[in-house]
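Asks: Can you keep this structure in mind? I'll have questions shortly.
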Amino acid sequence: MTSHIVDARAIHKHFGTLHVLKGVDLKVNERELVFVIGPSGSGKSTLLRCLNRLEEPSSGSIVVDGIDMLDPKTDINHARRRIGMVFQSFNLYPHMTALGNVTLALRKVAGKGRAEAEALGRAALERVGLAERADHTPGQLSGGQQQRVAIARSIALEPRVMLFDEPTSALDPELVGSVLEVMRGLRESGMTMIVVSHEMGFARNAADRVVFMDDGLIVEQGPPAAIFETPSHERTRAFIGQIQRH
Amino acid sequence: MSGWDKFVETFFNAKVMWKYLPDILSGMVVTIELALLIIVTGLGAGLALALLRSLAIRPLNWLIIFIVDLFRSLPPLVIIVLMYFGLPYAGPAPSGFVSTWLSLAFVLMAFSEEIFWAGITSIPKGQWEASRSTGLSFGQTLFNVVLPQAFRLTIPPLTNRTISITKGTALGTVVAVTEILGQASSAMSNSYNPSPLMMGAAAYVVLFLPVVVAARWIEAKFAWKR
Ligand SMILES: Nc1ncnc2c1ncn2[C@@H]1O[C@H](COP(=O)(O)OP(=O)(O)OP(=O)(O)O)[C@@H](O)[C@H]1O
Ligand SMILES: [Mg+2]
């Protein structure tokens with residue numbers, strides 16, 4: 001048994017002959033914010049996508065909130081409801097309003113009636129500061145606003161864990177702040193979060209732990225200050241140096 | 001008689017037109033019945049095949065692709081003739097009406113399956129992933145997220161195909177279907193005058209122009225900003 005809300009062990013992932021994850025162990029405590037960094041192609045996205053089984057790991061075990069994610073008997077749709085995911089490209093449904101985006105899963109998965117779903121949806125939009133944009137379609141929103149709607153779409157389902165895959169990478173610099181602010185608010189409310197991102201400033205003052213991945217493995221991990229100031233591995237040092245020069 | 005009068009007398013002969021108006025009207029009814037049957041069954045079957053194809057069952061998909069390619073490559077007239085003259089040897093003898101209906105429905109099924117399928121596959125993977133990550137099932141994602149977007153993309157090509165295949169109801173004359181063209185050409189040979197043909201042309205315009213205009217309207221209405 002485990003006390004961790006996310007407990008992934010010995011995750012391997014192959015894409016054909018490509019060995020992308022080479023035995024990753026990741027344990028995350030409740031209310032913890034884990035920041036994942038690493039060079040392009042190191043397997044960060046693949047790891048996140050294995051956690052909610054958007055990607056099927058080749059081997060290993062994943063338990064999230066006590067649910068064995070890889071057990072064929074697990075109702076995967078039910079399990080995914082408790083794991084929010086935010087994508088680099090927002091992936092809002094363009095044919096629906098912001099409110100429609102947020103209420104779809106509330107109605108179809110959580111089984112809420114229309115009125116209740118809309119009340120919960122509006123509350124979620126309120127939390128990301130977009131209550132007055134409920135009736136706008138994604139095309140009428142800025143990138144930052146779209147990403148906040150995407151976050152609302154996840155948090156409306158009251159997930160136990162939130163996964164963020166480069167949530168601000170597709171945004172114009174002046175729009176990044178508003179999304180980070182929402183993420184900070186989530187963190188303060190006690191949400192468990194795993195964040196893949198290059199926003200080192202955010203990592204420094206919001207992350208509990210920074211995980212450095214390279215070539216399909218976790219090379220080292222620790223508190224932000226330790227990883228950023230005194231990394232113990234050469235590869236980590238090289239990567240941090242590279243990022244900070246930018 | 002001036003040239004103009006002669007022209008009118010030949011192509012827009014009021015007496016002939018009046019006499020054969022009921023025939024043309026009954027032809028219109030047959031054409032409308034045929035067209036509606038073809039559209040409903042053809043598009044319905046095309047969508048059903050596209051949905052089956054999205055299940056990604058290999059052998060089933062090969063079969064679907066074979067059927068679709070077959071009906072897309074055969075000229076509709078050939079299918080109608082085969083069904084009308086050939087099927088009686090194999091089993092039931094379909095009427096000209098049924099042969100025309102089923103043949104064109106198969107053709108529309110084949111073309112619309114390809115259009116629906118192209119629409120479904122053009123929806124970015126991220127849409128599936130966002131929906132599945134919130135717990136929606138494959139089917140719920142297909143019906144709530146993917147198809148509504150795919151339909152908007154398919155409306156223009158689907159409308160064009162539907163109109164052009166439905167106009168193929170005129171091929172029914174070959175197997176003695178009394179639709180517009182059939183009525184018009186028999187009226188023409190009975191009256192030794194081409195005026196019924198002009199009425200037939202007018203009947204097609206009356207039937208299809210509103211459809212084309214409606215398609216334009218639907219296209220504009222369902223466009224949305226990305
Ligand atoms: N569906 C797939 N099919 C084949 N190869 C894939 C697939 N998804 C990812 N890969 C490969 O797996 C490797 C790791 O990809 P991944 O997206 O996890 O890296 P990443 O660390 O997120 O990189 P980035 O910082 O660029 O997002 C890459 O070499 C990538 O090309
Ligand atoms: Mg990535």
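The values are calculated or read from the model by the stated rules, or taken from the named source; none is laboratory data. Note that the coordinates shown come from a computational prediction; the quantities given were computed from them, not determined experimentally. Note that each Cβ is placed from the backbone with ideal geometry, even for glycine, and that neighbours are counted across all protein chains shown.
Asks: Scan region A:78-96 and give yes if some residue there is away from ligand 1 (no atom under 16 Å from the Cβ), in contact (Cβ under 8 Å) with a residue 12 or more places away in the chain, among the polar types (S, T, N, Q) and surrounded by 18 or more Cβ atoms within 10 Å (Cβ to Cβ), otherwise no.
Replies: For region A:78-96, residues away from ligand 1 (no atom under 16 Å from the Cβ), in contact (Cβ under 8 Å) with a residue 12 or more places away in the chain, among the polar types (S, T, N, Q) and surrounded by 18 or more Cβ atoms within 10 Å (Cβ to Cβ): absent.
Asks: While we're on this one: Wholly within region B:24-98, which helices (runs of 4 or more DSSP H) include no fewer than the required count, namely at least 1 residues that are of a type in the set (Asp, Glu)?
Replies: Working: elements: B:58-73, B:76-81, B:87-90.
Correct list: B:58-73.
Asks: Turning to a different aspect of this structure: Filter region A:151-175 for residues that are within 16 Å of ligand 2 (Cβ to nearest atom) and crowded, with 17+ Cβ neighbours inside 10 Å and give the result.
Replies: Of everything in region A:151-175, those that are within 16 Å of ligand 2 (Cβ to nearest atom) and crowded, with 17+ Cβ neighbours inside 10 Å turn out to be A:163, A:164, A:165, A:166, A:167, A:168, A:171.
Asks: Which of (1) within 19 Å of residue A:38 (Cα to Cα); (2) at pLDDT 95 or above does residue A:206 not meet, given it meets every other one?
Replies: (2)
Asks: Restricting the search to region A:1-24, which residues are within 12 Å of residue A:59 (Cα to Cα), surrounded by fewer than 21 Cβ atoms within 10 Å (Cβ to Cβ) and more than 14 Å from ligand 1 (Cβ to nearest atom)?
Replies: Residues satisfying the conditions are A:9, A:10, A:23.
Asks: Picking from A:136, A:198, which residue would you name as being within 16 Å of ligand 2 (Cβ to nearest atom) and out of contact with any strand residue (DSSP E or B) (no Cβ under 6 Å at 6 or more places or on another chain)? Give the steps one after another, and end with the answer.
Replies: Details: A:136 fails: within 16 Å of ligand 2 (Cβ to nearest atom).
Unique residue meeting the criteria: A:198.
Asks: Going through region A:12-26 one residue at a time, which ones are of a type in the set (A, V, I, L, M, F, W, C) and either within 14 Å of ligand 2 (Cβ to nearest atom) or within 14 Å of another protein chain (Cβ to nearest Cβ) (or both)?
Replies: Step one: filter region A:12-26 for residues of a type in the set (A, V, I, L, M, F, W, C), giving A:15, A:18, A:20-21, A:24, A:26.
Within region A:12-26, A:15, A:20, A:21 meet the criteria.
Asks: Say whether the condition of being in a helix (DSSP H, G or I) and touching a residue at least 40 places away in the same chain (Cβ under 8 Å) is met by at least one residue in region B:138-145. Write out each step before concluding.
Replies: First, the residues of region B:138-145 that are in a helix (DSSP H, G or I): B:138-145.
Filter once more, keeping what is touching a residue at least 40 places away in the same chain (Cβ under 8 Å): B:142.
Yes, region B:138-145 contains a residue that is in a helix (DSSP H, G or I) and touching a residue at least 40 places away in the same chain (Cβ under 8 Å).
Asks: Please verify whether residue A:28 is buried (at least 20 other Cβ atoms within 10 Å of the Cβ), among the β-branched types (Val, Ile, Thr) and within 14 Å of ligand 1 (Cβ to nearest atom), treating the condition exactly as stated.
Replies: Numbers: buried (at least 20 other Cβ atoms within 10 Å of the Cβ): yes; among the β-branched types (Val, Ile, Thr): yes; within 14 Å of ligand 1 (Cβ to nearest atom): no.
No.
Asks: Applying the selection to region A:75-112, what residues are more than 8 Å from chain B (Cβ to nearest Cβ) and hydroxyl-bearing (Ser, Thr, Tyr)?
Replies: A:97, A:103
Asks: Do we have any residue at all in region A:112-120 that's in contact with a helix residue (DSSP H, G or I) (Cβ under 9 Å, 6 or more places away or on another chain) and within 15 Å of ligand 1 (Cβ to nearest atom)?
Replies: Here is the first cut: in region A:112-120, the ones in contact with a helix residue (DSSP H, G or I) (Cβ under 9 Å, 6 or more places away or on another chain) are A:112-114, A:116-118, A:120.
If we keep only those that are within 15 Å of ligand 1 (Cβ to nearest atom) as well, we get none.
No.
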